[in-house]
Amino acid sequence: PRLVIAPIKTFGFAAPGLTISGLESPAVAGETFDVTVKLPNRGTAPITGNRLELVLPTTLELIKVTGATKEAGDTPGSLKLTPGEGKPIAAGATSTIVLTLRGQSSGQHVVQFGFSCDQLNRPLTRMDALTTLPADSFHDRTVTDLLETFDNPYSDRDYVVETVCPEFTSMCPK
């Protein structure tokens, strides 16, 4: 007898995910910036009953939402967003929401995200800190104005520089 091993294929499950981008770099207070929320379905069945809850501090203003309908949340600063006009997220598809925000003042602002759907027992949650810098810290300045630079005394050598920084969410004063 011959043993044949075939790949196992699973059908009929939804696999929701939550990824957020646009909070990595500092923003300038008073100017708008975009935060992109992606809700991928890596499963083989649609995701239904999609809801994204967003909690913003009073120091961040929501200017515009693209890719979702919004309604007021249960607490001050919270919003409920329905991705893709309430349609299910098909298997292998991604629903994308773009939030246009404006920082009212400089400092760190904590933003909370929670994605729930019919297929999850509890929401996928994420909390991020966003840094906004004073507007005058960027105007009429170049990178060399913002970073300390110096001449390389061994310019004839080749270097490999490795920076290990698992998380960097603070500003270092000079």
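Restricting the search to segment 24-60, which residues are part of a strand (DSSP E or B), more than 15 Å from the chain's Cα centre (by Cα) and modelled with pLDDT under 90? If the condition is that a residue be part of a strand (DSSP E or B), more than 15 Å from the chain's Cα centre (by Cα) and modelled with pLDDT under 90, then Val28 is the only one that fits. The residues of segment 85-115 that are assigned to a loop (DSSP other than H, G, I, E, B) and closer than 17 Å to Gly30 by Cα, listed by number, are Gln104, Ser105, Ser106.
Test Pro76 against the criterion of being out of contact with any Cys (no Cβ under 8 Å at 6 or more places or on another chain), open to solvent by 70 Å² or more (accessible area, probe 1.4 Å) and more than 30 Å from Ala14 (Cα to Cα), and give yes or no. Before you say what the answer is, go through the steps one by one.
On the way: out of contact with any Cys (no Cβ under 8 Å at 6 or more places or on another chain): yes; open to solvent by 70 Å² or more (accessible area, probe 1.4 Å): yes; more than 30 Å from Ala14 (Cα to Cα): yes.
When the stated conditions are applied, Pro76 passes them.
The C-beta contact set for segment 61-72 (first residue surrounded by 12 or more Cβ atoms within 10 Å (Cβ to Cβ) and part of a strand (DSSP E or B), second residue aliphatic (A, V, I, L, M) and modelled with pLDDT under 90, distance under 6 angstrom, 6+ apart or interchain) comprises Lys70/Leu79. If the condition is being aromatic (Phe, Trp, Tyr) and more than 12 Å from the chain's Cα centre (by Cα), then segment 95-131 contributes only Phe115.
Against the condition open to solvent by 40 Å² or more (accessible area, probe 1.4 Å) and within 15 Å of Pro16 (Cα to Cα), how does Thr44 come out, does it pass? Judged against the criteria, Thr44 is a match. Restricting attention to segment 20-60, the residues that are without any contact (Cβ under 8 Å) to a residue 24 or more places away in the chain and within 19 Å of Asp118 (Cα to Cα) total 0. Applying the set (1) open to solvent by less than 50 Å² (accessible area, probe 1.4 Å); (2) over 21 Å from Ala129 (Cα atoms); (3) assigned to a loop (DSSP other than H, G, I, E, B) to Thr82 leaves exactly one unmet item: (3). When restricted to residues that are farther than 15 Å from Leu60 by Cα, without any contact (Cβ under 8 Å) to a residue 60 or more places away in the chain, surrounded by 15 or more Cβ atoms within 10 Å (Cβ to Cβ) and in contact with a Ser or Thr (Cβ under 8 Å, 6 or more places away or on another chain), segment 86-115 contains 1. The number of residues in segment 116-140 being in contact (Cβ under 8 Å) with a residue 12 or more places away in the chain, open to solvent by 20 Å² or more (accessible area, probe 1.4 Å) and part of a loop (DSSP other than H, G, I, E, B) comes to 6.
The values are calculated or read from the model by the stated rules, or taken from the named source; none is laboratory data. Please read all numbers here as calculations on a predicted model, not as lab measurements. A quick note on method: Cβ atoms are made from the backbone with ideal geometry, for glycine too, and the neighbour counts reach across all protein chains shown. Quick note on the areas: whole protein, heavy atoms, side chains included, nothing else; ligands and nucleic acids left out. Shrake-Rupley method; radii C 1.70, N 1.55, O 1.52, S 1.80 Å.
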